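Computed from the coordinates by the stated procedures, all read-outs in this text should not be read as laboratory data. Remember, it's a predicted structure, so these values are computed and weren't measured experimentally. Every residue, glycine as well, gets a Cβ built from its backbone with ideal geometry; the counts of neighbours run over all protein chains shown.
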Amino acid sequence: MNIFFKTYCSVIQTISQTRGSNAKIKHFADLITAIEDDETLSLAAQFTGEGAFNDFSGKRASVGSRTSGMAAAEFCGIDYDLVFKPCRTATGSSSETIERLMANMPEAIEKRSPENLSLDDAQDIFEKLHNTSSREEKQQILWQAWEKMTPVEIKYFIRILGQGSLRIGFETRSVVAAIAEAFGRDREEVRYTHMITGSLGKTAVLARHNRLDEARFKLFHPLSFMLASPIESRAVENLEEYIAEEKFDGMRAQVHADGNKIKIFSRDLNDITPSFPDVVQFFTERNLPPSVFDGEICVFIENTIMPFQLLQKRMGIKKPGKKILEEFPVLFIAYDLLFTDGNPIFDLTLTERRIMLEEAAGNYNLPVTTQHKLTNSDDVDTLFEHALNHGNEGLMLKHKSSTYEYGQRKKSWLKVKKPGGSFDTVMMYAHAGSGKRGGTYSDFTLGISVKDDDRYEEEFIPIGKAYGGYTDDELKRMNQIIKELTVEKYGPTLGLKPGLVVEIEFDDIQINKRTKAGYTLRFPRFKAIRWDLAPKDINTLKDVEKQYRRKLETERLTQQINPSFTMK
C-alpha cells in the first residue's frame, strides 16, 4: 500500500511511546515493508533519520523554532510572548507545545480540516519552504500545510524540518537496522551502503531490490565519522596495541579534495565549505588527486592551537570577511585518510592508512597529527599533561589494527579527557524520560543564580540540560522530591520550585547568544547530587563568565605539527 503522511506520523508516535530498541525497530520495519513504491519508501527512511532533505543535498528549510512558534501562536489566536513561550518552557519542546495547542485551542481546531496528505505532498511543502526566504511567506506556507494536518502530523512535520533526530529514541543506526530487518538483508551491508551513499532513502530502495552491492562511494558526499568512547567505559588490556594523538581544541571535519574542487563537511554531515575559504584555498593550492581526509579545524596562530571559543567566532558565518579571516586564521590538521587513488580505504588498518596519509603529507605539504607510541599507563599520563599544556582537550588512543568504523562508537578509538570544570546548579525543570527511563523524570534543565545580577529580574536562569550520571536509587529519590517541588505541569515537563542542587561537570563553556545566559555548557552531565547544599549556595552567571575568560587567557605551549610541514 501507499501510506499517507498521517499513517507515517502515527507509526512514529508509536515508536516514541515504545520501550526497547528491538520493538521500535520492528514497528518501523513493518511500516516500510508495507510501502509499495520506491519514492515513498525513500522518503519514509529519509524523514526518520535525516529530516526534510538528505544529508548531501545541501538544502535546508530554514524554519527556526521562533518562526514556527510565532506562526503557531497566530494560528491558534494566542500571544506569542505571554502564552506560547511559557508553554514551551514548561514542555521543553516547541513541537510538543504546538501539537497540544493545535489539539486544544478552539480557533486552531476550527481552522483545520485534515486531509490524507502523502509523503510526497509533505516533501513538496518542504521544498516550498526551502525556496522561500521571507518569514512572512514561510508562515503562510506553514499555515496552509497545518490546515490539512492533524496535531500529531504537525508535531512531526516540525521535527522533520529540524533536519536530524525526531527525538523518539530512534536514531540513524535504528533506521539502518529496520531496513535490514524489513528486507532480510545483512545489517552490516546495509550500514556500509548507507555510509558510502550518504542516503538512507537510497539505501532502503537498494535493500528492497537486493542491490546493495551496486552502491559506490562518490567523492563530495560526506561519510559517517568514526567515533570514540570514553576510556573509562572501555577496558584497555594492552596499551602497546594503541598509538596516542593529542585531542585538539577544534572542530571535527572532513575534507574532500580533487584538484581545485574542495568540500568540507562537519561532524553532523553539513556542508560547511563557505565558512572556511582559507581551508579551501589551502587545499586548492596543493592540487591534490581525489582524496578524503578526516581531521580537525583549529584556530592556529604562531604555531599554537588557540581556544575553541575563538573558533566559535568563525562557525556559522557563511562568508567570513577579511577581518575575521585575519583575526582567526584556521588550519585543517589531518589524522586519517579515507579515500585515495580512486578507492575508499576504510577497510585498511589504521597503520596502513597512516602510512598513506604521511606519504600524501610529504608530497603535498599537509599538516598531520603527531603519533606517539605507548608502552604503559605512565606514557599516557605524561602525554596527557603535554596535551593540556598545549591547551588541548586530552588524548585520543587509537588501535593500530582498527579499520575505519564509520558511524560507530567502539573500543578502537578511546578518548582520555578531564572535565572542563563543574558548577553547582539548581534543578528548574524535570522532563519525562523515554525507553528504559520511561515512567520517571530523568532529563533535567539546570540553572544558575542571577538574583544579585542587575541584568536580570529572575533568580535563576537555565545553563544546560543533563541526564545520566546518577544511580537508580538516586533517581528514585529525586523523583520523590520532584513531586513535592512541582509548581506547574505541562505535558511531559514539570516546572519546579528551587530545592534540588546538582553539581554538573562539562567539557567546555561556549557563547550562545540565543540563550538567556548567553552561554551554554558543552556536554553537561551529573557529577553529584548535592543533598547538603541549598539553592542559595549555587554558582552564579558571573562565575560562568569568569571561567570562560580564564580559559581564553591561559597561556599555551606551541603545538608540534609534522616536521615536514611548513606554513606557506
**Message:** Could you tell me the calculated FRET efficiency between E39 and R135, based on Cβ-Cβ distance and R0 = 30 angstrom, to the nearest 0.05?
**Reply:** 0.45
**Prompt:** Whole-Hz Karplus ³J(HN,Hα) for segment 528-533, in order, using 6.51 cos²θ - 1.76 cosθ + 1.60 and θ = phi - 60°, x for Gly and Pro?
**Reply:** 7, 8, 8, 4, 8, 10
**Fill in**
Scoring segment 421-552 by relative contact order with C-alpha pairs under 8 Å, at least six apart, yields a percentage of 29 percent
**Fill in**
The orientation-averaged projected area of the Cα convex hull of segment 134-246, in nm², is 12.7 nm²
**Request:** Once you have the Cα-Cα distance between W143 and T540, take 0.36 nm times their residue separation minus that, and quote the gain in nm to one decimal.
**Result:** 138.8 nm
**Asked** K476 to H386: extension gain in nm, 0.36 nm per residue of separation minus the Cα-Cα distance?
**Response** 28.2 nm
**Fill in**
Scoring segment 284-418 by relative contact order with C-alpha pairs under 8 Å, at least six apart, yields a percentage of 24 percent
**Fill in**
The size of the Cβ-based charge dipole (Lys, Arg +1; Asp, Glu -1) of segment 300-369 about the Cα centre, to the nearest 20 debye, is 620 debye
**Request:** Please list the non-local residues whose amide H lies under 5 Å from the amide H of F225, H modeled 1.01 Å from N, same-chain partners needing a gap of 5 or more.
**Result:** G407
**Fill in**
For segment 60-65, in residue order, the Karplus 3J(HN,Hα) values (coefficients 6.51, -1.76, 1.60; θ = phi - 60°; whole Hz; Gly and Pro = x) are 9, 6, 6, 10, x, 5
**Asked** How many Lys pairs in segment 435-497 lie less than 24 angstrom apart by Cα atoms, where the lysines are 8 or more positions apart or on different chains?
**Response** 14
**Complete:** Counting only residues 5 or more apart in sequence or on a different chain, those whose built amide H sits under 5 Å from that of G421 are F506
**Request:** With only alpha-carbon atoms counted, please give the Rg and Dmax of segment 92-184, in Å.
**Result:** 15.1, 47
**Asked** So for the chain: antiparallel DSSP bridges make up what percent, rounded to the nearest 5?
**Response** 95 percent
**Request:** Mind grabbing the base-10 log of I(q)/I(0) for segment 60-146 at q = 0.20, 0.23, 0.26 Å⁻¹? Debye formula, identical points on the C-alpha positions, no solvent, two decimal places.
**Result:** -0.99, -1.22, -1.36
**Request:** Could you tell me the distance between the Cα centroids of segment 341-365 and segment 302-338, to the nearest Å?
**Result:** 24 Å
**Request:** Can you tell me the relative contact order of the chain? Whole percent, Cα pairs under 8 Å, sequence separation 6 or more.
**Result:** 13 percent
**Message:** If you average the C-alpha positions of segment 81-153 and of segment 468-525 separately, how far apart do those two centres end up, in angstrom?
**Reply:** 29 Å
**Prompt:** With each run of n ≥ 4 DSSP H residues scored as -39500 (n - 2.57), what mean residue ellipticity at 222 nm is computed for the chain after dividing by its residue count and rounding to the nearest 500 deg cm²/dmol?
**Reply:** -11500 deg cm²/dmol
**Request:** Determine which lysines satisfy two conditions relative to K261: a Cα distance under 26 Å, and not lying fewer than 8 residues away in the same chain.
**Result:** K59, K202, K218, K313, K318, K319, K322, K323, K568
**Fill in**
Listed by chain and number, the residues whose amide H is under 5 Å from that of D249, excluding neighbours fewer than 5 places away on the same chain and using placed H, are E393
**Asked** Please report, for the Cα atoms of segment 1-52, the Rg to one decimal and the Dmax as a whole number; what are they, in angstrom?
**Response** 10.6, 30
**Message:** Apply the Karplus curve 6.51 cos²θ - 1.76 cosθ + 1.60, θ = phi - 60°, to the phi angles in segment 148-155 and return the couplings in whole Hz, x for Gly and Pro.
**Reply:** 9, 10, 7, x, 5, 5, 4, 4
